[in-house]
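Below you'll find the structure, written out as structure tokens, and then a few comments.
The values are calculated or read from the model by the stated rules, or taken from the named source; none is laboratory data. Everything numeric in this text was worked out from a predicted model, so none of it was measured. Quick reminder, even Gly has a Cβ in these numbers, built from the backbone with ideal geometry, and neighbours come from all protein chains shown. Accessible surface areas use protein heavy atoms only, side chains included; no ligands, DNA or RNA. Shrake-Rupley method; radii C 1.70, N 1.55, O 1.52, S 1.80 Å.
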Amino acid sequence: MQNRRQFLIATTTAASYSLLSRTVSAQEEKRTRIILLGTKGGPTLTTRTARANPSTLIVINDVPYLIDCGYGVSRQLISAGIALNRLRYIFITHHHSDHNLEYGPLLYNAWVTSKPLKVDAYGPPGLNKLTRDFFEYQKFDIETRIADEGGGDLRKLITVHEFDQPGPVMQNVDVKITSCRVRHPPITQSYAYRFDAKDRSIVISGDTTYAPELAEFAKGAEVLIHEAMYLPAIDNLVQQESGKARLREHLLAAHTSTEDVGRIAAQAGVKTLVLTHLVPGDDPSITDEQWSEGVRKNFKGRIIVGKDLMEI
């Protein structure tokens, strides 16, 4: 009898522990996650470092929110364990090719999976045209597959939302998303995004030079994900591009030095600063310490040098 009682107690305890573990696991899965998909700045591809072109994923209540679609984003999503047919929301910061080149192909890659999808895409003017032009480019294939293989029409499954002013972008029960116009000449329609979820507030700078308004926008956020430029390596980068003086002028006018990134993070008062869109992002000689050194002059919080597929 005693053995039976002990067995029942042990079984009940184990079952309770198992249920608790599953509950904790489910809660853990639904926490807000940040996954860096591509951390290299610029349109070129590289074999010198393991960095893909720019893209960041935020998963809120198990729903993916994708920011930018640099080349390779489809494979990076798969590598991160995110099935393409889970794609639900896309946000484009601006229309440089390293941020939107795989936008159309990603929609297509998600469409040809076994499950239907519905995607809302948000971004500055030009996003509607980018979407329509891709559909026209692939019109023959899309219509052939609908007729030959069945399934829904991709062109009816994507809803585009353009905006040309900073402010509210979208809101649902899980998150409020707002935008801030940043400074990325010569492009005037370039935006940062802020995601205010129930458990975390996250700001993504997009491409920008030093912009005090971004610091104000990021106040109260837990995490700031900001582009970074390592000035001592810029001359080498320019030389690789045949010494183009105009490229150097653009980089200095349109991107943010590590020292200035530190200033923005300090002014915003964020707890964690993540460096991404690294320029140059294909120079393996630059160490994490070198990326952090300039930032640390002005920011005393946690600094993370982003790497592809890193989760924060």
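Listed values, structure above:
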read-out: Unmet criterion (only one of (1) out of contact with any Leu (no Cβ under 9 Å at 6 or more places or on another chain); (2) at pLDDT 95 or above; (3) not in a helix (DSSP H, G or I)) for Val160; value: (1)
read-out: The stretch 49-67 - residue that is at pLDDT 95 or above and β-branched (Val, Ile, Thr) and, of those, nearest to the chain's Cα centre (by Cα); value: Thr56
read-out: Selection from the stretch 73-88 of residues that are surrounded by 21 or more Cβ atoms within 10 Å (Cβ to Cβ) and either on the phi > 0 side of the Ramachandran plot or in contact (Cβ under 8 Å) with a residue 40 or more places away in the chain (or both); value: Gln76, Leu77
read-out: Count of residues meeting criterion [in contact with a Gly (Cβ under 6 Å, 6 or more places away or on another chain) and open to solvent by 60 Å² or more (accessible area, probe 1.4 Å)] in the stretch 121-147; value: 0
read-out: Residues being touching a Ser or Thr at 6+ places or on another chain (Cβ under 7 Å), of a type in the set (Ser, Thr, Tyr) and buried (at least 24 other Cβ atoms within 10 Å of the Cβ) - total across the stretch 194-222; value: 1
read-out: Condition check for Asp308: open to solvent by 30 Å² or more (accessible area, probe 1.4 Å) and at negative phi; value: yes
read-out: Residue count, the stretch 242-262 (criterion: of a type in the set (Asp, Glu) and open to solvent by 60 Å² or more (accessible area, probe 1.4 Å)); value: 1
read-out: Residue satisfying condition, being open to solvent by less than 50 Å² (accessible area, probe 1.4 Å), in a helix (DSSP H, G or I) and in contact with a His (Cβ under 9 Å, 6 or more places away or on another chain), within set Ala233, Ala265; value: Ala265
